[in-house]
Amino acid sequence: MKNIFVSLFVIGLLILFFMLLPTPDEPQQDDQQVTIISGATVFDGNTWLGKTDVAFQRGLIIALGPQLTNQHKTANVIDASGQYLIPGLIDAHTHAWDNALKEAVKYGVTTELDMFTNNAFASTQRPLREQHNVDVQQADLFSAGTLITAPKGHGTEYGFEIDTIENATQANDFVMARIDEGSDYIKIVYNATSRYMPSIDKETLHALVKAAHQQGKLAVVHISDLQSARDAFDAGADGLVHAYVGKGQTEQLASLAKLMTNNKQFMIPTLSIIASMMGQNNSSQLMADFSNEPRFKIDDVSSQLLNLRTDSNRQSLFEMTQQQVSLLHDAGVMILAGTDAPNPGTAHGISMHLELQLLVESGLTPTQALMAATSNVAKAFKLTNRGLIATDYKADFVLLNRDPKVDITNTRAISTVFKNGFQINYNAQEQQNSVMTAMMFSDFDKGLMSALNTTWYPTTDEQFGGNSTVDIVRKAGEQGNYLYIRGELKRKFSFPWAGAFISFSENNKQPMDLTHLRGVALDVKGTAGKYKLMLMSTKQQMRPVEIPFDVTQQWQRKTVSFSTIKPQLLKSVTGMVIVASLPTEKFELIIDNVEFVE
């Protein structure tokens, strides 16, 4: 849907810089320790098993059955008598960045399927989903990366540049480019009428679906009307990432349902965002159901949930969409639960519980709605080891205090969320950060080390499929040593960069408080053009704090001021980057005497 409402054009920069540093030492479980959730009524993703013990070790389920405590006498036992255990929920349509995955898991969403984000962010998250025995405290991510759309089509309106496709002859190259970037599946934008924005044509749609399938990737399609849906499925698309809004004659819809059922094609209705588009305020009760538990911090998401896409109440149109879902489901079409968070009226994690309610109101039983958020998603997207409570599957669970098969809103009665077998911690205390004092940070007379005993490193977009280049070296000059940076920005990657990065701690995990400082002063000269100093703030995790500055061919003493930066962002900074910025391409940059000044 339109309005992802966050400009992503700088997102990729932050992630790359962190990847250069050592992998954080996350807590791991004792390899031999077995944990048993005992006495809960278990829904395995397909079937209610009744009271069943579930044993897991090293983040994976090792056994299900009665009285497992007799087999594992030294196990850590969690008494869940009177409670209900379901698989971790999977949101089949989100847009993930910043702290989205950490927020999602608090509400029992242990996996998100992203339908358009910066591939730099997605690339850093994919390795984490393979780590079964690590306390990540966030949801796993699968992602389409960059969607495929026409010039000026949907997806191009968010203030940053993406590649677009013009005709069918480019289909193979476009699909391969997405796969090279790491896309887990291919998302295509298509509208038969091109009523609101330009769209690819039907021939290009067919070529893209074919190219995706030839590479073993699913092809899912964003559509807005019945004819577009029909065209997508005629092209062989695996699924739709939205229901369509508006009327569809019963005979036409029945024909579409038959086609989808015969071809095993699925739909992700995203009723939560469609309700927001139709002016339906369903979030007040949702927030009330969670507000009794202070751990959920509803105030943090209330404005987002109540910010509907429109103030016009178009209930009849929304009811038509629900009838569409009902007809498709009754015909045997696989329905998946997805929210389109964080579009207006939705938020990561919490909106899944509204989506489940809306699916039930559209004709699914509570158990069928739970399948739509667990096993159906895993089956449709061919996700292994998740979506079920079964041996060798991830120990991703939601333990509930009330029975969701009786009332689907009981999924909101969350007792405990388990991710990789670790309980989600809602009460993590924010650490006190060390204060950065005014100091000569780097004069390069003793190598590339800073006054904090950290080292300057080169950084480019190469790790994400880009081809920008950079070298950094210490050189001797008349007044002492300096840092010499030489590089070239190339446009293969969507957000090209090249420059030098330095952390404020050896493991990059100790932020510094810069609030009392005036800025960074440095001696600088080089290729005349635009450059940026960027601060890595944990308060804005997917956007570096960018401060532009100009460079000339003559030495200048410049102070890059913090005056325009919000104090909250300066309170928790883990590192700093100096990079060239387009339109500067080939560049040489010389810096010396980098100093934090009051």
Size of electric dipole in the stretch 305-461: Cβ of Lys, Arg +1 and of Asp, Glu -1, about Cα centre, debye, nearest 20: 340 debye
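What are the semi-axes of the equivalent ellipsoid of the chain, taken as the square roots of 5 times the eigenvalues of the Cα gyration tensor, listed largest first and rounded to whole Å?
Output for the chain: semi-axes of 44, 31, 21 Å.
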Carbon plus sulfur fraction of accessible area for the stretch 475-582, probe 1.4 Å, in percent: 45 percent
Square roots of 5 times each gyration tensor eigenvalue, C-alpha, the stretch 478-550, largest first, Å: 23, 19, 13
Rounded to whole Hz, the Karplus (6.51, -1.76, 1.60) HN-Hα couplings of the stretch 556-565, x for glycine and proline: 9, 9, 10, 10, 8, 7, 8, 4, 8, 9
Amide hydrogen neighbours beyond the local backbone of Leu218, cut-off 5 Å, H modeled: Ile186
Full-stretch length increase - Thr538, Thr250 - with 0.36 nm per residue and alpha-carbon distance subtracted: 98.5 nm
Helix-only mean residue ellipticity at 222 nm for the chain, each DSSP H run of n ≥ 4 adding -39500 (n - 2.57), per residue, nearest 500: -6500 deg cm²/dmol
Positive-end residue of Gly529, Phe504, Phe562, charge dipole of the chain with Cβ unit charges: Gly529
Per residue accessible area in Å² of the stretch 234-359, where ligands, DNA and RNA are left out and the probe is 1.4 Å: 39 Å²
Formal net charge of residues neighbouring Phe596 (Cβ-Cβ distance under 14 Å; K, R +1; D, E -1): -2
In Hz, Karplus ³J(HN,Hα) per residue of the stretch 93-100 (6.51, -1.76, 1.60; θ = phi - 60°; x = Gly, Pro): 7, 9, 10, 10, 6, 6, 9, 4
Gain in span if fully extended, Lys530 to Ser291, counting 0.36 nm per residue against the direct Cα distance: 81.3 nm
Rounded accessible area per residue of the stretch 360-432, 1.4 Å, Å²: 40 Å²
Contact order normalised by residue count of the stretch 201-280, Cα under 8 Å, 6+ apart, percent: 27 percent
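So what is the relative contact order for the chain, in percent, with contacts set as C-alpha pairs under 8 Å and at least six apart?
Working: 1458 pairs, mean separation 87.8, N = 598.
Relative contact order for the chain comes out at 15 percent.
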Two-decimal Rg to Rh for the stretch 155-233 - Kirkwood Rh, Cα set: 0.94
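Give me the number: length gained by fully extending Gln423 to Asp445, i.e. 0.36 nm times residue separation minus the C-alpha to C-alpha distance, one decimal in nm.
3.1 nm
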Space enclosed by the convex hull of the alpha-carbon atoms of the stretch 447-598, per residue, Å³: 110 Å³
Entries in Lys51/Lys106; Lys419/Lys492; Lys152/Lys530; Lys394/Lys492 that, when Cα-Cα distance is taken, lie over 31 Å: Lys419/Lys492; Lys394/Lys492
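Give, as a single signed number, the net charge of other residues whose beta carbon lies under 14 Å from the beta carbon of Lys379, with Lys and Arg counted +1 and Asp and Glu -1.
Local net charge: +1.
How much net charge surrounds Glu166 when only other residues with a Cβ under 13 Å from its Cβ are counted (Lys, Arg +1; Asp, Glu -1)? Kindly include the intermediate steps, with their values, before the conclusion.
Working: positive: Lys152; negative: Asp163, Asp173, Asp201, Glu203.
Charge balance in the 13 Å sphere: -3.
The values are calculated or read from the model by the stated rules, or taken from the named source; none is laboratory data. These numbers were taken from a predicted model, which means no experiment stands behind them. Here the Cβ is made from the backbone with ideal geometry for all residues, glycine too, and neighbour counts use every protein chain on show. In case anyone asks, the SASA skips ligands and DNA or RNA and just uses the protein heavy atoms, side chains included. Shrake-Rupley method; radii C 1.70, N 1.55, O 1.52, S 1.80 Å.
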